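Engineer: Let me begin by handing over the structure; questions about it come next.
Values quoted throughout were computed directly from the atomic coordinates according to the rules given, and no laboratory measurement underlies them. Not measured: the values here are computed from a predicted model. Please note: Cβ atoms are built from the backbone with ideal geometry, for glycine as well, and neighbour counts cover all protein chains shown.
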Amino acid sequence: MAEAQEIVSSTSQDMQHAEVRFMRVQLNPGAYMPERSYETDAGADLRTPYGFTLWHGETKVVDTGVHIEIPSGYVGMVKSKSGLMCQSGITTDGTVDAGYSGSIRVWLRNHSHYARVFKPGDKIAQLVILPIITPEFEQVDEE
């Protein structure tokens with residue numbers, strides 16, 4: 001099957017990726033702008049606009065109030081903050097596709113035996129923007 005795979009040059013797509021320097025962001029009242037702590041950080045921090053308690057073993061969806069315009073050819077990956085994950089056992093994972101215009105909602109899971117209290121403005125996840133390829137799928141009868 002490896003012989004049947006077609007490799008397509010992505011030179012123009014790579015150039016398009018290099019040109020994206022800004023993404024439009026709309027914030028609901030009380031929401032926080034995604035931001036990187038350091039210029040070289042891959043992820044931009046997402047914050048909670050309201051306080052809540054995440055009990056041990058609980059899963060909660062937190063609406064960040066952030067609407068971001070991710071361009072075609074890219075995806076937003078919602079990832080765990082390493083500090084929350086390592087120190088508090090709180091994880092998340094998600095995908096924000098290009099074209100999604102709703103508010104980014106973060107799925108949080110508390111794997112620890114302790115409750116964690118969050119205040120408005122606390123960092124809960126990070127958003128990593130990555131280029132993607134979108135090949136078409138072809139069904140075959142052999143491996």
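Engineer: Based on the alpha-carbon set only, what is the convex hull volume of the chain divided per residue, in Å³?
Structural biologist: Details: hull volume 22.9 nm³, N = 143.
Dividing the Cα hull volume of the chain by its residues yields 160 Å³.
Engineer: Let me know the charge dipole size of region 2-131 about its Cα centre in debye, to the nearest 20, where only the beta-carbon of Lys, Arg (+1) and Asp, Glu (-1) is charged.
Structural biologist: Numbers: 12 positive and 14 negative charges, 148 e Å.
Dipole of region 2-131, to the nearest 20 debye: 720 debye.
Engineer: Quote the FRET efficiency, to the nearest 0.05, computed for residue 59 versus residue 134 with a Förster distance R0 of 30 Å and r equal to the Cβ-Cβ distance.
Structural biologist: Numbers: r = 30 Å, r/R0 = 1.01.
In this case the efficiency is close to 0.50.
Engineer: Continuing with this model, one more query. Which one, 135, 110, 98, projects farthest toward the positive side of the charge dipole computed for the chain from Cβ point charges (K/R +1, D/E -1)?
Structural biologist: 110
Engineer: Estimate the FRET efficiency between residue 37 and residue 95 by the formula 1/(1 + (r/R0)^6), using the beta-carbon distance for r and 25 Å for R0, to the nearest 0.05. Kindly include the intermediate steps, with their values, before the conclusion.
Structural biologist: Values: r = 23 Å, r/R0 = 0.91.
Approximately 0.65, to the nearest 0.05.
Engineer: Continuing with this model, one more query. For residue 112 and residue 24, what does the FRET efficiency come to when R0 = 30 Å and r is the distance between their Cβ atoms, rounded to the nearest 0.05? Mind dumping the intermediate values first?
Structural biologist: Working: r = 37 Å, r/R0 = 1.22.
FRET efficiency, residue 112 to residue 24: 0.25.
Engineer: Give me the one-decimal nm value for the distance between modelled label points at residue 143 and residue 75, 7 Å along each residue's Cα-to-Cβ direction.
Structural biologist: 2.5 nm
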